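The next block holds one structure in the form of structure tokens; read it before the comments.
Just so it is clear, none of the values below were taken in a lab; they were calculated from the coordinates. Bear in mind the structure is a predicted one, so any value in this text is a computation, not a measurement. Neighbour counts run over all protein chains shown; Cβ positions are idealised from the backbone, glycine included.
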Amino acid sequence: MDLNFFKLCSGLKFLGYLMILLVAAIIAVSYYVVVLLTWAPRISHGGFTSFLSLIIIVLFHLLLVMLTWSYIRVVFHDPGSVPENWKPLSQENLEAGPDTSASTSLDEPENRQALGYCRYCRNGKPPRCHHCSVCQRCVLKMDHHCVWVVNCVGARNYKFFLLFLLYTFLETTMDTVVLLPSFIKFFREGTGHSNSASDLALTFLTFVLNVTFALSLLCFIIMHASLLSSNTTSVEVYEKEGVVRWKYDLGRKKNFEQVFGTRKALWLFPLFAKEDLENIPALHGLNFPTCSDVES
């Protein structure tokens with residue numbers, strides 16, 4: 001009996017659903033420890049302590065809203081799929097011409113390879129498109145399949161993914177900083193704690209989890225910032241090896257706009273301006289400008 005490894009890979013989706021529950025659990029525990037257990041009771045202390053507590057609680061909720069909003073968008077937003085029977089514009093122009101005998105056909109194996117063809121989906125592949133073995137479909141400008149969001153990260157949700165990384169990093173970093181005094185106090189006072197053992201254990205666990213996630217996310221943010229600045233995906237890193245100039249690298253400003261759009265007011269929100277969706281083809285994932293296009 002032959003094994004289909006692509007079907008085995010699809011089992012990772014089940015793991016992804018567990019990851020969503022894990023994210024929700026970490027957020028819930030952090031909320032309880034940071035807000036309800038540590039800082040909310042200090043609001044009644046008066047003076048600077050009350051002011052600081054209020055600032056921390058407001059900032060925590062603000063980052064939590066942005067984190068959750070970005071997370072929901074990247075989980076439920078389609079990263080971009082290839083239209084059925086897709087063909088490149090040059091192919092359509094040829095077939096629309098008077099001499100149909102000279103047109104290129106995707107039915108011929110040599111032309112499938114030249115134009116981009118997926119043997120699993122049995123469909124054409126636009127530039128920068130790759131087949132995901134987990135989702136079992138081609139994804140436009142695929143970066144990677146993220147188990148944490150049970151979805152692929154591609155052309156149409158890459159911005160949401162980056163914002164999710166950013167806000168999660170800021171949230172976990174803030175939690176680490178505001179819980180640091182309680183963490184130090186935990187070891188300084190030894191067994192002489194006024195709080196219950198369960199609260200102390202949750203505080204210790206929350207601090208360790210947030211430190212771990214903050215450091216891990218910092219590495220991911222640095223990596224994706226480098227990819228964003230050169231208009232490269234995680235998959236294309238290997239394709240760039242040996243290339244003198246990456247053809248999709250339009251300069252840092254234009255590379256950034258290819259993902260976040262041109263409307264500065266919306267850069268920090270998981271949204272796109274209508275005019276950006278109309279004027280930036282890269283946001284749809286089917287056509288991408290190259291260096292030659294910009295220079296001309």
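Most tightly packed first, judged by the mean number of other beta-carbon atoms within 10 Å of their residues, the peptides 148-158, 206-216 read 148-158, 206-216. Express in whole angstrom the spacing between the alpha-carbon centres of segment 227-278 and segment 22-60. The distance from the Cα centre of segment 227-278 to that of segment 22-60 comes to 37 Å. Do any trypsin sites (Lys or Arg not before Pro) in segment 214-296 lie in a DSSP loop with no more than 11 other beta carbon atoms within 10 Å, and if so, which? Within segment 214-296, the qualifying trypsin sites (Lys or Arg not before Pro) (loop, at most 11 other Cβ atoms within 10 Å) are Arg245.
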